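Here is the structure we will look at.
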Amino acid sequence: MTKFCPKCGSAELNYLPWLGEIYVCRNCGYQGALVIEDGELAREIREKRFEVIKEEETEAESYKGAQKRKG
Ligand SMILES: [Zn+2]
């Protein structure tokens, strides 16, 4: 069964058996024993996270605009 990161909904998880039942997300850096096995829930998390990223990008864009004047 596919396992998903509870923080970002990514399936990019590394299993680290030497630390116990620990998963590490290659996408957001989450570490923990809790993972999601529900693809539908993971999709909701990804969509929520995408909305946050869009807001952050808007701020980054205005910052980039200010930087461009240098060149
Ligand atoms: Zn993650």
Of S62, G9, C25, farthest towards positive along the dipole that unit charges on Lys, Arg, Asp, Glu beta carbons give the chain: S62
Relative contact order for the range 13-68 using alpha-carbon pairs under 8 Å, separation at least 6, rounded to a whole percent? 16 percent
Cα-based helix-to-principal-axis angle, 39-68 vs the chain, degrees rounded to 10: 20 degrees
The chain, Cα convex hull volume normalised per residue, Å³: 101 Å³
Going by average Cβ density within 10 Å per residue, which order do the peptides 48-56, 28-36 take, highest to lowest? 28-36, 48-56
Within the chain, helix-based [θ] at 222 nm, where runs of 4 or more DSSP H residues each add -39,500 (n - 2.57), nearest 500: -15500 deg cm²/dmol
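Bear in mind that the values in this text are calculations on the coordinates, not laboratory data. If you're wondering where the values come from, they're calculated on a predicted model, not measured in any experiment. Note that each Cβ is placed from the backbone with ideal geometry, even for glycine, and that neighbours are counted across all protein chains shown.
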